[in-house]
Amino acid sequence: MGILLAFAPFIGFAIIDRFAGSTEGLVVGALISIGLIVRDVMTAGRSPKILEIGTATLFCALVLYALFGTPTWSVIGVRLCVDTGLLGVVLISMAIGRPFTLQYAREQVPAEYQATPEFLRTNYVITGVWALAFAVMVAAELALLYMPNVPHRLGILAIVAALVGAVKFTGWYPDHIGQKAGPYVDGSLLQGLSGKI
């Protein structure tokens with residue numbers, strides 16, 4: 001649930017963007033992302049996550065640009081900016097050695113499992129799958145923006161398939177690793193990783 005909750009700003013943005021407009025959607029995304037950080041700061045045993053901090057920074061920057069930069073972007077253009085920013089946050093988390101799923105998993109997994117190479121590798125794989133999903137979304141939005149012959153439905157289908165695939169993989173992969181590794185990672189590690197989506 002924790003990983004999916006981290007995407008609430010993007011869901012809020014998408015809904016408001018569709019019904020009220022892009023700037024309004026960006027404001028809602030910024031408010032939700034700030035709310036998630038405040039929740040983590042005020043809750044014992046939790047800390048702000050790379051994904052949440054990156055999301056808040058992204059949405060706040062886009063709100064400022066929307067309000068003071070007078071952009072002439074389309075709905076797809078705004079979504080492309082948001083999803084490219086999200087992809088960037090995920091890739092940066094991997095590049096600095098802290099894949100974004102790691103922080104969510106550490107809140108659920110006992111310390112003795114966190115030091116294992118399998119734990120870190122599993123988080124890199126899951127984060128990599130999310131990065132791939134966001135790359136597909138960016139590619140679909142680029143196609144919709146710059147290739148008018150591409151059917152709109154096809155782009156939307158690619159985006160939905162990428163997200164559903166990442167969610168399903170996040171639930172499946174830790175169980176798969178646990179079955180391969182046996183009792184060593186069975187139980188706590190699996191619950192921590194697959195139970196957080």
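The values are calculated or read from the model by the stated rules, or taken from the named source; none is laboratory data. Keep in mind the model is a prediction, meaning the values are calculated, not measured. For neighbour counting, all protein chains shown are included, and Cβ atoms are generated from backbone atoms with ideal geometry for every residue, glycine included.
What to note about this one:
- All conditions but one from (1) touching a Ser or Thr at 6+ places or on another chain (Cβ under 6 Å); (2) crowded, with 22+ Cβ neighbours inside 10 Å; (3) within 16 Å of Cys81 (Cα to Cα) apply to Ser22; the one that does not is (1).
- Boolean, Leu67 is surrounded by 15 or more Cβ atoms within 10 Å (Cβ to Cβ) and farther than 30 Å from Gly178 by Cβ: no
- Near pairs, Cβ below 8 angstrom, 6+ apart or cross-chain, from region 71-87 (farther than 21 Å from Phe100 by Cα) to any residue that is aromatic (Phe, Trp, Tyr): Pro71/Tyr65
- Residue-level analysis places Ser47 outside the set of residues that are in contact with a helix residue (DSSP H, G or I) (Cβ under 7 Å, 6 or more places away or on another chain) and farther than 24 Å from Thr101 by Cα.
- Failed criterion for Arg46 (all others in (1) loosely packed, with under 15 Cβ neighbours inside 10 Å; (2) at pLDDT 90 or above hold): (2)
- In region 82-117, the qualifying residues are those that are among the acidic types (Asp, Glu) and surrounded by fewer than 16 Cβ atoms within 10 Å (Cβ to Cβ), and the one that is farthest from the chain's Cα centre (by Cα) is Glu112.
- Residue match in region 125-133 (condition: in contact with a Cys (Cβ under 7 Å, 6 or more places away or on another chain), without any contact (Cβ under 8 Å) to a residue 60 or more places away in the chain and buried (at least 17 other Cβ atoms within 10 Å of the Cβ)): no
- Yes/no for Gly45 being without any contact (Cβ under 8 Å) to a residue 60 or more places away in the chain and closer than 27 Å to Glu107 by Cβ: no
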